[in-house]
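The values are calculated or read from the model by the stated rules, or taken from the named source; none is laboratory data. Keep in mind that what you see is a predicted model, and the values were worked out from it rather than measured. Because the Cβ atoms are built from the backbone with ideal geometry, glycine has one as well, and the counts that use them run over all protein chains shown.
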Amino acid sequence: MERKLRLKPPFFEIGPKNYMYGKDIVDLARVADAAAEKYDVRVIYTTPYANIKEVAQNTENIYVFAPHMDYAPIGKGLANILPESIKEAGAKGVMLNHSEKPLSLVALRQTIKRARGLDLMTIVCADSIEELKGVSVLQPDMIVAEPTELIGTGNAADVSYVTESLDTIFSISKDIGVLIGGGISNGGDAYRVIKAGADATGSSSGIFKASDPEKMIYEMLEAVRRAWDEREEKK
């Protein structure tokens with residue numbers, strides 16, 4: 001049975017977090033935009049709120065995501081991240097439940113529901129096999145299977161983790177895009193994760209701490225495309 005995915009694989013998530021801000025965020029988004037077109041890899045660019053509009057206006061090929069949102073409705077709620085506001089700014093989706101911004105399953109369910117109501121894509125993080133099960137039941141568009149202990153370490157998950165994560169998610173739904181992350185620090189890491197069966201991978205510190213972040217984006221996206229094409233050739 002053909003999978004029904006909102007975002008065609010392979011895809012790749014770039015998360016600037018607070019490694020950059022302002023003009024640098026926009027400049028690197030343009031680099032990601034060009035690399036996405038060159039290698040035909042869908043790129044999610046999870047930009048800080050302040051840059052969503054400018055990034056969206058200056059790119060054509062990437063999917064601008066917000067790093068979080070709240071499920072509060074329009075009205076009171078000082079400092080809440082209103083879903084309507086990120087959509088109006090140009091976001092195509094939202095990342096939820098990152099280890100730096102965790103949510104309870106109850107809050108996550110409500111937030112995913114709000115996103116669906118606005119046609120915002122959701123990519124939801126899970127840091128353990130047990131959490132993967134709970135998140136998969138909520139049917140987000142994509143899941144980031146990312147052990148918290150590997151984030152920012154430069155040590156990527158091994159093939160057995162990739163396989164176990166895929167098996168866990170697909171036992172519940174095959175219509176969820178699967179990104180395996182955590183410690184992706186170079187093209188070799190990206191290649192191994194995709195070759196092992198993932199739809200996607202991604203990087204924050206691996207790109208933004210690199211001596212040449214622009215070059216690293218091209219290296220990683222080229223590796224993703226190469227690994228994906230090699231997988232397709234074997235089918």
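Restricting to region 103-118, count the residues that are of a type in the set (A, V, I, L, M) and surrounded by fewer than 17 Cβ atoms within 10 Å (Cβ to Cβ).
Result for region 103-118: 4.
Would you check if ILE143 is among the β-branched types (Val, Ile, Thr), touching a Phe, Trp or Tyr at 6+ places or on another chain (Cβ under 8 Å), at pLDDT 95 or above and within 22 Å of PRO67 (Cα to Cα)?
So ILE143 does not fit the description; no.
Which of (1) assigned to a loop (DSSP other than H, G, I, E, B); (2) more than 18 Å from the chain's Cα centre (by Cα) does GLU230 not meet, given it meets every other one?
(1)
Restricting to region 71-111, what's the tally of residues that are closer than 27 Å to GLN57 by Cβ and in contact with a Leu (Cβ under 8 Å, 6 or more places away or on another chain)?
Selection size over region 71-111: 12.
Among the residues of region 119-133 satisfying the criterion of being loosely packed, with under 15 Cβ neighbours inside 10 Å and of a type outside the set (Asp, Glu), which is nearest to LYS174 (Cα to Cα)?
LYS133
Go through ILE86, ILE129 for me and flag whichever is at pLDDT below 95, farther than 27 Å from GLU219 by Cα and β-branched (Val, Ile, Thr).
Selected residue: ILE129, the only one of ILE86, ILE129 that is at pLDDT below 95, farther than 27 Å from GLU219 by Cα and β-branched (Val, Ile, Thr).
Looking at region 55-78, which of the residues that are more than 25 Å from GLU100 (Cβ to Cβ) and of a type in the set (D, E, K, R) is nearest to the chain's Cα centre (by Cα)?
Going through the qualifying residues, I end up with GLU60.
Starting from residues that are touching a Pro at 6+ places or on another chain (Cβ under 8 Å) and aromatic (Phe, Trp, Tyr), keep the ones in region 156-209 and report whichever is farthest from GLU146 (Cα to Cα).
PHE208
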